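The values are calculated or read from the model by the stated rules, or taken from the named source; none is laboratory data. What you see is a predicted model; the values in this text were computed from it and never measured. Cβ: placed from backbone, ideal geometry, glycine included. Neighbour counts: every protein chain shown. With ligands, DNA and RNA removed, areas are computed over all heavy atoms of the protein, side chains included. Shrake-Rupley method; radii C 1.70, N 1.55, O 1.52, S 1.80 Å.
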Amino acid sequence: MIGCRSLLLKSTNTYVAAAAAASHRFFQEGKCSYHSLNLRCNYMIRGRNRKKRICIDEHSKTMISMLWRPVSTTATVSADHTMNEAVVATDEITESATTCSNDEQRVIEGESSSSIEKHSISVEVGTSLFRFIKGKGGSTQQKIEEELGVKISIPTSKEDDFVSIEGTSVDSVTSAAEKIQAIIDESVNSRNLDYSHFISLPLAIHPELVDKLINFQNSILGNEDACTNENEDTTENKEVDQLSKENADVAVELKVEDGSAAVKVNLTNIPLVSYAPKASKSSTSSDLGIDKSIFIKPKTFHLTVLMLKLWNKDRVKRATEVLQSISTKVMDALDNRPLSIRLKGLDCMKGSLAKARVLYAPVEEIGSEGRLLRACQVIIDAYTEAGLVLENDAKQSLKLHATVMNARHRKRKTWTKKVDSFDARGIFKQYGSEEWGEYLIREAHLSQRFSFDENGYYHCCTSITFPEEMQVE
């Protein structure tokens, strides 16, 4: 307990105080003398329960000023006597004031009232944006805290989207919240925050198309005979390993003649083992900038309708509700009839064939009625009206395509700003007129990037079905 020499009890709320000034009149008849009065009071400030013990004796007084919310009081005198008297006051009580000990000094001069009440606010940010609030090495967060005198608490759990701000005034807390919102607005419109979700039309639901993509990939990489599961050994390697085990006991025969340092080796019993050559990549694949990482995974093959940045749970929930709410409109745009597409050939989206960045299969709607584009536009308009599409993205025109290779997906040991590309001239020569087939579009998904379901396709947040049979009236 901090020893104090003087006491000032000051409050603008109802509080409990002991009549210390009248302590001299208690038990003065000689049987016992007044020793001390201990006051215990629990008070709540903005939801925080704190305890403060105030010690009052005949020689010391303390000055404290704060808002108190009384919970209980206990007052004692000597071992033989108990005083249960307390004065409940609603007026401001002021008694003489001096300084406390060197460990804690709280002096209030020239002020009518003072308070340590804390103000706080929670801002929904989203885990993907926490790094922008923190800044490099925590510099951005620290700058806001120092400028406004607030404390910003960022949760470590990925399940919590809210950042809390605490300060001593409403203005400081509000200003900090405005600064955080400005950081969010700037971050979501920059390339530093990647897209988290997208509206997709799954094509990987067709097994025959997945097989064609696997063969396409293996053909280019020179792995026609390679097993699709890289974790398993090839048949040739298993045969060689088995042969090695069977002949593990065979060794060269050594004979040492008496008195001779020479050693004769009999090679007649050493088995001749023929090792099957390993399948190798094309000698020029690496030179052309082609490796497995830039190929689209066959089980995720799809058409992209719209890219979205949904940086918190609230935006994901709203996006889910939007897709479900327009199911009927989408069906009307399709005339309630099945829709199929044809994939034929290859084309380059960005760059040239010599320095390609994206290689894709063009999409043709069978029947060329424009129903697919109308349905996609219904989806885009709904998300734009809901405020879930960024301004720059809303200006982009839709170009349906089925990406088969993307240089941006390349796995690198070190990050670089250099624009990545690959030489697609040989690929285009071989597959430029490839007939990939005709496929029914069965559904539209709100897909989450970088997350996958058990079937290997992107995690589905929600979906709506397309007609698979002709509606008979």
I want to confirm something. Restricting to segment 420-429 and keeping residues that are of a type outside the set (A, V, I, L, M) and in contact (Cβ under 8 Å) with a residue 12 or more places away in the chain, which single residue is least open to solvent (accessible area, probe 1.4 Å)?
Phe422
Have a look at Ala319, Ala402, Ala382, Ala354 and point out the one that is small (Gly, Ala, Ser) and part of a strand (DSSP E or B).
Ala402
Residue check for Glu208: open to solvent by 80 Å² or more (accessible area, probe 1.4 Å) and either within 30 Å of Ala402 (Cα to Cα) or among the basic types (Lys, Arg) (or both):
yes
Of the conditions (1) crowded, with 18+ Cβ neighbours inside 10 Å; (2) more than 15 Å from Leu306 (Cα to Cα), Ala444 fails just one. Which one is it?
(2)
When the residues of segment 430-441 are narrowed to those that are touching a Ser or Thr at 6+ places or on another chain (Cβ under 9 Å) and among the aromatic types (Phe, Trp, Tyr), which ends up surrounded by the most Cβ atoms within 10 Å (Cβ to Cβ)?
Tyr439
Scan segment 129-157 for residues that are open to solvent by less than 60 Å² (accessible area, probe 1.4 Å) and over 14 Å from Ile180 (Cα atoms) and jot them down.
Gly149, Pro155, Ser157
If we take segment 410-473, then strands (runs of 3 or more DSSP E) inside it with 1 or more residues that are in contact with a Lys or Arg (Cβ under 6 Å, 6 or more places away or on another chain) are 435-440
Give Lys344, Lys317, Lys313 a once-over and let me know the one that is more than 29 Å from Glu385 (Cα to Cα) and open to solvent by 60 Å² or more (accessible area, probe 1.4 Å).
Lys344
Looking only at segment 351-377, filter to residues that are over 15 Å from His401 (Cβ atoms) and of a type in the set (Ser, Thr, Tyr); which one of those is surrounded by the most Cβ atoms within 10 Å (Cβ to Cβ)?
Ser352
Go over the candidates Lys299, Lys281 one by one and state the one that is modelled with pLDDT of 95 or more and either in a loop (DSSP other than H, G, I, E, B) or surrounded by 15 or more Cβ atoms within 10 Å (Cβ to Cβ) (or both).
Lys299
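Rundown of residues vs (1) at pLDDT 95 or above; (2) buried (at least 17 other Cβ atoms within 10 Å of the Cβ); (3) within 30 Å of Asp314 (Cβ to Cβ); (4) among the basic types (Lys, Arg), yes/no style:
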site: Ala386; (1), (2), (3), (4): yes, no, yes, no
site: Asn392; (1), (2), (3), (4): no, no, yes, no
site: Gln396; (1), (2), (3), (4): no, no, yes, no
site: Arg410; (1), (2), (3), (4): no, no, no, yes
site: Lys418; (1), (2), (3), (4): no, no, no, yes
site: Cys461; (1), (2), (3), (4): yes, yes, yes, no
site: Thr465; (1), (2), (3), (4): yes, no, yes, no
Which numbered condition Phe452 fails, given (1) open to solvent by 80 Å² or more (accessible area, probe 1.4 Å); (2) at pLDDT below 95:
(2)
Condition set loosely packed, with under 15 Cβ neighbours inside 10 Å and in a loop (DSSP other than H, G, I, E, B), scope segment 170-194, selection nearest to the chain's Cα centre (by Cα): answer is Asp194
Of the numbered conditions (1) in a loop (DSSP other than H, G, I, E, B); (2) exposed (fewer than 14 other Cβ atoms within 10 Å of the Cβ), Asp160 fails exactly one; give the number of that condition.
(2)
